[in-house]
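Everything on this sheet refers to the single structure shown next.
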Amino acid sequence: MQALALCLLSLATVSSNPNAVAGGTPNVHMRARIDGRSRLILDDDTATWQHFDWAAPGRLDCNTGATIEPTYLDDTPWFPVWADAPDCENRWCGGCFSDTFVGLANPLPNFDFAPGLVVLDARGPVGLVESPSAANGWRAVIEFDDDGWGGAYWYDVELVFAGAGTSYCTSTPNSSGNAAHISIAGSLSVGASDTTLSASGCPPLRPALFFYGGAPTQIPFADGYLCVTPFAPGLLRLAPTDVIAPDGTLAHALDFASLPSSAPITAGSTWYFQAWFRDTAAGGSGSNLTDGVQATFGP
């Protein structure tokens, strides 16, 4: 196992295209009946509507007896409270605000990250008009624009916290018949120290280790691909060596206090992780790897 870093450091070609793709990461699922143009402001575990044109979300024709429809946040119905001026539609209120929902299942991280917006159903434009940053207090603002159509329509979208844990690179089938996959879970908070790396689809009962580095790559290595660059600061092993469980899974709690002093993980830093494991049953080189996962850490 200790020879891993020396073998990898001998590789000379680094790919500049890691082919990053979104992985299974936390998100906020939103569904609302939109008439006109409105913005949903997400901040920490809260949500607030700001409305501009036509009737407010869920309020079309409520002034003539139509049912008020809720906004669904992670399947929780929320009935926003408005000023109701001049009536319950709040029509053309020019940027008025609803009350604030508190209790999102997945609060937005309090550090810079690159969210992804997945539109599941819409008939008009949906866009991210503010991304989280220190300048705006790490909030996200999504605009729904139904101005071009008559009546109202149910819009269904997800904000995916891509920067909080993003899968990239690729992995190849091993002797288990699967391609091994790495994931990261927890708050990604250095202070909370509740982050865990996991791998699945590995050959059971084989020795394995997790390692990390400062940049992505995709280099053929062993029976798979190296997804973490071996160049500065190098490949950093997360001790101790682990043994894959009978079901092909592997887990490792990330201990921030015991990391190499040359590459501490600090708030605001981004690192790249991968797992390497023995696989003599597959023939070939006798070892293989998972894909990679990128994570940006918070305080």
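Worth a mention:
- Checked against the criterion of being within 27 Å of Pro107 (Cα to Cα), surrounded by 14 or more Cβ atoms within 10 Å (Cβ to Cβ), in contact (Cβ under 8 Å) with a residue 60 or more places away in the chain and not hydroxyl-bearing (Ser, Thr, Tyr), the candidates Ile219, Ile184 yield just one match: Ile184.
- Condition met for Thr64 (surrounded by 14 or more Cβ atoms within 10 Å (Cβ to Cβ) and either assigned by TED's automatic domain parsing to the domain that holds Gln50 or among the β-branched types (Val, Ile, Thr) (or both)): no
- Within the range 267-283, the set of residues being at pLDDT 90 or above and either assigned to a loop (DSSP other than H, G, I, E, B) or under 15 Å from Gly213 (Cα atoms) (or both) comprises Trp271, Tyr272, Phe273, Gln274, Ala275, Trp276, Asp279.
- Tyr212 closer than 28 Å to Asn106 by Cβ, outside any loop (DSSP other than H, G, I, E, B), modelled with pLDDT of 95 or more and not hydrophobic (A, V, I, L, M, F, W, C): yes
- The test for being within 19 Å of Arg237 (Cβ to Cβ) and over 18 Å from the mean Cα position of the chain (by Cα) does not hold for Ala192.
- When Pro86, Pro109 are checked against the criterion of being in contact with a helix residue (DSSP H, G or I) (Cβ under 7 Å, 6 or more places away or on another chain) and either assigned to a strand (DSSP E or B) or not basic (Lys, Arg) (or both), Pro109 stands alone in meeting it.
Residue-by-condition table, conditions (1) among the charged types (D, E, K, R); (2) in contact with a Cys (Cβ under 6 Å, 6 or more places away or on another chain); (3) outside any loop (DSSP other than H, G, I, E, B):
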{"position": "Leu197", "(1), (2), (3)": "no, no, yes"}
{"position": "Pro203", "(1), (2), (3)": "no, no, no"}
{"position": "Thr217", "(1), (2), (3)": "no, no, yes"}
{"position": "Asp242", "(1), (2), (3)": "yes, no, yes"}
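- Residue match in the range 102-122 (condition: more than 30 Å from Arg59 (Cβ to Cβ) and either touching a Ser or Thr at 6+ places or on another chain (Cβ under 6 Å) or in the same structural domain as Gly248 (by TED's automatic domain parsing) (or both)): yes
- Test: residue in the range 198-210 that is without any contact (Cβ under 8 Å) to a residue 24 or more places away in the chain and surrounded by fewer than 20 Cβ atoms within 10 Å (Cβ to Cβ): no
- In the condition set (1) part of a loop (DSSP other than H, G, I, E, B); (2) over 16 Å from Ser175 (Cα atoms), Leu238 is compliant with all but (1).
- Scanning the range 46-82 for residues that are without any contact (Cβ under 8 Å) to a residue 12 or more places away in the chain and in a strand (DSSP E or B) yields a total of 1.
- Hey, Tyr272 crowded, with 21+ Cβ neighbours inside 10 Å, aromatic (Phe, Trp, Tyr) and either touching a Gly at 6+ places or on another chain (Cβ under 9 Å) or assigned by TED's automatic domain parsing to the domain that holds Pro109 (or both) or not: yes
The values are calculated or read from the model by the stated rules, or taken from the named source; none is laboratory data. Given the structure is predicted, the values throughout are model-derived calculations rather than measurements. We place every Cβ from the backbone using ideal geometry, glycine too, and count neighbours over all the protein chains shown.
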